[in-house]
Amino acid sequence: MHVVWLELKVLNKVIGEILKVWAVANQKGGVAKTTTVVSLAGHLVKRGLRCLLIDLDPHGSLTSYFKEDPDSLEKSVYNLFQMHQFSIKHEINDLIIHSEVEGIDFIPASISMATLDRQLGTQEGKGLVIKKVVDLLADEYDYILIDCPPVLGVLMVNALAACTHVLVPVQTEFLALKGLERMHHTLNMIIQARRHDVSFTIVPVMFDRRTRASTDSLRALREKYGAELWQNVIPVDTAFRTASQKGLPLPIMLPSSRGAKAYAELLDNLLNANKQSDLKRVTNE
Ligand SMILES: Nc1ncnc2c1ncn2[C@@H]1O[C@H](COP(=O)(O)OP(=O)(O)OP(=O)(O)O)[C@@H](O)[C@H]1O
Ligand SMILES: [Mg+2]
């Protein structure tokens, strides 16, 4: 009996750790945050894993990507911030939209979210709204990916409090490196405030090996951010734009494209890192 109980305890622990929550964040705009969320989700569902995407950007690019209009949606992430924390459990399913891609669901954004910072100010408990959502949906998804707005406010703070890992896409050009320093500082501040491990991976994106700006800035990145930097790059690929017009993740629209293959490698790298950190945790306990 005791052995069965112990086994159950271990099983529960493993189940509890299956869900991974990745936030894709950078305070700079237009650096492929939304593209990264959608592309990774495309690969995850191709591998049979269920994904929930949460659009935390009031501009709602992720929502528009999947052909919903953030200007006219009645329900969005905004409503989560208006609910009492106990009613989230009952209402959460009304907010989830099934995308046309089997296995990808999302909670949409709406323009009203732009007012949240002013409305909520420093209201207590509002930094953990998304964490609550993520905890409630832990049994229904294998991965939850959060698309962040390019500003540090209540929404980004929520994403960073809810996630287990942060991905920071950075354009391979010098101005972007400056922005990365700011993001790096923000992340460190938040990680310290949480007193809890959250790791991050810097992902060089829109790399064009024909340009000096790309190769030089990649070198600078490698010199400055060793272990936190993914060693490969996401190349410039015009197919990303076509995929977004069609409302499909590139790995599903054109798996043989350079861009889709690069995101597959990134996902392999992230999954391997996950396995290793799980192993480390289990052997330490
Ligand atoms: N590797 C790439 N090659 C070419 N174009 C890309 C690549 N990645 C993203 N794009 C394009 O760059 C534009 C900006 O990308 P995206 O919307 O993903 O950035 P973002 O960081 O989410 O922007 P925002 O801060 O406005 O939310 C889009 O038109 C997208 O299709
Ligand atoms: Mg975006």
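Consider the range 227-255 and keep the residues that are open to solvent by less than 30 Å² (accessible area, probe 1.4 Å) and within 16 Å of ligand 2 (Cβ to nearest atom). The one that is farthest from VAL101 (Cα to Cα) is ILE234.
Residue selection: ASN188 fails the criterion of being surrounded by fewer than 18 Cβ atoms within 10 Å (Cβ to Cβ) and outside any helix (DSSP H, G or I). Selection within the range 256-266: residues that are farther than 14 Å from PRO204 by Cα and touching a residue at least 24 places away in the same chain (Cβ under 8 Å). The member of this set that is nearest to ligand 2 (Cβ to nearest atom) is ALA260. Does any residue of the range 85-93 turn out to be open to solvent by 20 Å² or more (accessible area, probe 1.4 Å), within 18 Å of ILE144 (Cα to Cα) and touching a Gly at 6+ places or on another chain (Cβ under 8 Å)? The answer is no; no qualifying residue exists. In the range 213-226, the residues that are touching a residue at least 40 places away in the same chain (Cβ under 8 Å) and surrounded by 18 or more Cβ atoms within 10 Å (Cβ to Cβ) reach residues that are of a type in the set (Gly, Ala, Ser) and in a helix (DSSP H, G or I) with C-beta atoms within less than 8 angstrom, at least six apart or across chains, in these pairs: SER217/ALA176.
The values are calculated or read from the model by the stated rules, or taken from the named source; none is laboratory data. Since this is a predicted model, take the numbers as computed values, not measurements. Neighbour counts are summed over all protein chains in view; Cβ atoms, including those assigned to glycine, are modelled from backbone coordinates with ideal geometry. Note: accessible area is taken over every heavy atom of the protein model, side chains too, but ligands, DNA and RNA are not part of it. Shrake-Rupley method; radii C 1.70, N 1.55, O 1.52, S 1.80 Å.
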